[in-house]
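What follows is calculated from the coordinates using simple rules that are stated; it is not laboratory data. For clarity, every value in this text was computed on a predicted model and none was experimentally measured. Here the Cβ is made from the backbone with ideal geometry for all residues, glycine too, and neighbour counts use every protein chain on show.
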Amino acid sequence: MARENNRRNNRRDRDETPEFADRLVAINRVSKTVKGGKRFGFAALVVVGDQKGRVGFGKGKAKEVPEAIRKATEAAKRGLIRVPLREGRTLHHDIEGRHGAGKVVMRTAPAGTGIIAGGPMRAVFEMLGVQDVVSKSIGSQNPYNMIRATIDGLQREASPRMVAQRRSKKVSDILPKVEAAPAAATETAEA
């Protein structure tokens, strides 16, 4: 019995610590026609993230809105992915993501650019912790497809460390060399 109470307390403690932030993206009212008329329910789409490189999305259906949101949040927490970020603020390289008729293009951006993205994509980037990104949605404007396409692209994001490890090389071999010649040329011109 004590063990069961301990589990409940641990679960309650975990729920109270706001490790993850969540963003409600869309709510749909859905109806089912039955013999006596129509039965209404709600479908919710939620994006969850820790704003430090982990993000996930989930959908939930229920008769009431709060229950649908709770189910969607739980589903999102179960499906988290980790995305490597450059300097903790932007993507390492430009990427494309696809899902169904939805296609999204995401590009790195210099510091101070901000998040330039439409509705559902903006929610994903904010929950991920990206501060500078330029993105464009091409094709489907359905929020479910846009989020899935964004997540698809982010899963293909690779950091220089990951590439170096995969190719059995050093990170310095992967990254482009910084040219020291222009600095040396200015010194000789002064002399």
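Points worth noting:
- Per-pair calculated FRET efficiency, R0 = 41 Å: ALA158 and THR33 via Cβ, rounded to 0.05: 0.25
- ILE138 paired with ARG98, simple spin-label distance in nm, labels 7 Å along Cα-to-beta-carbon: 1.1
- Farthest toward the positive end of the dipole of region 2-174, out of THR90, GLN141, ALA21, is the Cα of GLN141, where the dipole comes from beta carbon charges about the Cα centre.
- Cubic angstrom per residue, convex hull over Cα atoms of region 2-174: 168
- Taking a ≥ b ≥ c as the square roots of the eigenvalues of the Cα gyration tensor, region 92-171 is oblate, since a/c reaches 1.5 or more and a/b is not larger than b/c.
- Spin-label zone in region 59-93 - amide nitrogen under 17 Å from a point set 7 Å from the Cα of VAL178 along the C-beta vector: 87
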